[in-house]
1. I need the full set of residues from the range B:413-437 which are closer than 30 Å to B:Thr264 by Cβ and loosely packed, with under 14 Cβ neighbours inside 10 Å, in order please.
2. Out of B:Val229, B:Val223, B:Val199, report the one residue that is touching a strand residue (DSSP E or B) at 6+ places or on another chain (Cβ under 6 Å), in contact (Cβ under 8 Å) with a residue 40 or more places away in the chain and more than 14 Å from chain A (Cβ to nearest Cβ).
3. Among what's in the range B:154-169 and is within 18 Å of B:Met220 (Cα to Cα) and open to solvent by 60 Å² or more (accessible area, probe 1.4 Å), pick the residue that is farthest from the other protein chains (Cβ to nearest Cβ).
4. How many residues does the range B:230-258 contain that are β-branched (Val, Ile, Thr) and in contact with a Lys or Arg (Cβ under 8 Å, 6 or more places away or on another chain)?
5. Looking at the range B:260-277, is at least one residue of a type in the set (Val, Ile, Thr) and touching a Phe, Trp or Tyr at 6+ places or on another chain (Cβ under 8 Å)?
Amino acid sequence: MSKRFVLLSLVGVVITTTGCSEMGVKAWERETLAQQEMSLINEPVESSLNDHVYFSKEASSGGQGFGGGGCGCN
Amino acid sequence: MAVAVTNTMKKNHELAKILAAASCALVGGLSTAHAEESWDVDSAFLLYSESDGRVSAAEPVISATRNYDSETSLNFKLVADTLTGASPNGATPSDQVQTFTSPSGNGSYSAAAGEQPLDDTFRDTRVALSSNWAAPINRDWAYGVGGYVSKEHDYQSLGVSSSLSRYLNQKNTTLTLGLGASSDTINPEGGVPTGLFQVPEDASSSEFTQRNDSESKSIMDAVFGITQVVNRNTIMQFNYSINTSSGYLTDPYKILSVIDDDSTGNNYGGNYTVNNRNVYLYEKRPDSRLKQSLYWQTKHQFENNDILDVSYRYMFDDWGVTSHTVDAKYRFRFNNQYLEPQLRWYTQSKADFYSRYLDSSAYTEVDFASADYRLGDLDTYTIGLRYGYQFADETEFYTRFSLYHQESSGDDGYGKLTSQELYPGLDAAMLMVGYKF
């Protein structure tokens, strides 16, 4: 199950990267993307507080960034 | 009297005007002198509270970022948290009163018949400091380096991280490689217990006297990510990450109940006893763990400026845990305010060595075992709402309220055990209040 998932994901990555050159915008079309609210982690303080709660309550961590740690809570 | 009040008000008003003018001049002067350099501070306070008198936490955070230009920044973050309350110790509820040795061995606590055994000696304060520097190398490359240190009364951690990014396709594609390492030390109250050994009655036992004071673990992280601009309103990220931990990964405070599985006796499904004492074992986990995850996130801004942020994570590890997480946020944006409903759903399958209890006929034969519900079959749900108000001077006040619900499941046991609630749920409420300036 997990092997098949990895394979599918790898295919996804290849399609994404090869398709990437077709995507995107020109420098003068970045007005919206340049907004702070459009950055991928736009509320780092809230994200880190949430990550800490979930790290101490669930068996998974990381994904968006590093897997966490530095806490005796898990 | 009325005249005096009016005079005082007039004086105060004039004073306020002078102060306002002075501060404007000062701020104006500063902002022209350092047009690009600025400090951005985000400070917040989180209150976390679980139902039924379990854990509650208070967690203040302050994060300060010095922006040298649009791509160069230095961040410092200080977090403190204080935990109090009771935490499940791993033992099953029973039809009898149960008494447990406290982690230090110098006391005991009990659980009434039919009640969840909770260790109420649990309390802790943690302080963590981290710092991160990010800067461009040239037009196509950027890097970041960071450090981390945290301290609790029974846990210390020291970590470093670095990242390297390569921009492609006119910065529409970014490839990022991140590496992190940390070294942690655990010095549990009462020393490090022997895994799968019977919990002794008190600290005078030889199990206590031969204990080590501390153990360690090391963690390595690697993240490989692709960020892609899809169109002028949409950005997408795809990450693959790998995390290895090695060393002492056991929870020194968690135990397991041994249940009598002799179906011919009258204690079938009750606590297994030896010399009139219930048998509880310290849990034991493998000394290495390899976690891998795939993460996808998309952010899209609609014509009306609202923003949708959706992510999905698939995680699997060599302990047999697999999990799925879906997180969605939708920010309604008004002139200087926003309202953001949030939803999160998480589901995990249990670790291979997770066991709610051990059978009396087989408990001496297991290599690893843990009854920690966080390694069992688990579903969790979070529903939240965030509100923010941006003032004219670009400072922001925000608050977030969320509810977190956990549902555990697993096998229901046999005999007497079937009448006990082995998988209680958990509800927690979180309130965050913050100010950015």
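The values are calculated or read from the model by the stated rules, or taken from the named source; none is laboratory data. Quick caveat, the model's predicted, so the values are computed rather than measured. With ideal geometry, Cβ positions are generated from the backbone for all residues, glycine too; neighbour counts draw on all protein chains shown. The protein model used for the area step is the full one, side chains on, heavy atoms only, and it has no ligands, DNA or RNA in it. Shrake-Rupley method; radii C 1.70, N 1.55, O 1.52, S 1.80 Å.
1. The first filter runs over the range B:413-437 and keeps only residues closer than 30 Å to B:Thr264 by Cβ, leaving B:413-423.
The answer is B:Thr418, B:Ser419, B:Glu421.
2. B:Val199
3. The residue in question is B:Leu164.
4. Just the residues of the range B:230-258 that are β-branched (Val, Ile, Thr), to begin with: B:230, B:234-235, B:242, B:244, B:250, B:255, B:258.
Of the ones still in play, those that are also in contact with a Lys or Arg (Cβ under 8 Å, 6 or more places away or on another chain) are B:234-235, B:242, B:244, B:250.
Number of matching residues: 5.
5. Going residue by residue through the range B:260-277, those that are of a type in the set (Val, Ile, Thr) are B:264, B:273-274.
With touching a Phe, Trp or Tyr at 6+ places or on another chain (Cβ under 8 Å) added as a condition, the list becomes none.
No, there is no match, as no residue in the range B:260-277 is of a type in the set (Val, Ile, Thr) and touching a Phe, Trp or Tyr at 6+ places or on another chain (Cβ under 8 Å).
Residues checked against (1) under 18 Å from B:Phe224 (Cβ atoms); (2) touching a residue at least 40 places away in the same chain (Cβ under 8 Å); (3) surrounded by fewer than 18 Cβ atoms within 10 Å (Cβ to Cβ); (4) not small (Gly, Ala, Ser):
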residue: B:Gly114; (1), (2), (3), (4): no, yes, yes, no
residue: B:Asp119; (1), (2), (3), (4): no, yes, no, yes
residue: B:Tyr143; (1), (2), (3), (4): yes, no, yes, yes
residue: B:Glu152; (1), (2), (3), (4): no, no, no, yes
residue: B:Leu175; (1), (2), (3), (4): yes, yes, yes, yes
residue: B:Leu179; (1), (2), (3), (4): yes, yes, yes, yes
residue: B:Ser183; (1), (2), (3), (4): no, no, yes, no
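Each row is one residue, and each column tells you yes or no for (1) in contact (Cβ under 8 Å) with a residue 24 or more places away in the chain; (2) in contact with a Leu (Cβ under 9 Å, 6 or more places away or on another chain).
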| residue | (1), (2) |
| --- | --- |
| B:Arg285 | yes, yes |
| B:Lys291 | yes, no |
| B:Lys299 | yes, yes |
| B:Glu303 | no, no |
| B:Arg313 | no, yes |
| B:Val321 | yes, yes |
| B:Tyr330 | yes, yes |
| B:Phe334 | no, no |
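Listed here are the residues, each with its yes/no results for (1) β-branched (Val, Ile, Thr); (2) closer than 18 Å to B:Asp287 by Cβ.
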residue: B:Glu215; (1), (2): no, yes
residue: B:Phe224; (1), (2): no, no
residue: B:Thr227; (1), (2): yes, no
residue: B:Arg232; (1), (2): no, no
residue: B:Gln237; (1), (2): no, no
residue: B:Tyr240; (1), (2): no, no
residue: B:Thr250; (1), (2): yes, yes
residue: B:Asp260; (1), (2): no, no
residue: B:Gly270; (1), (2): no, no
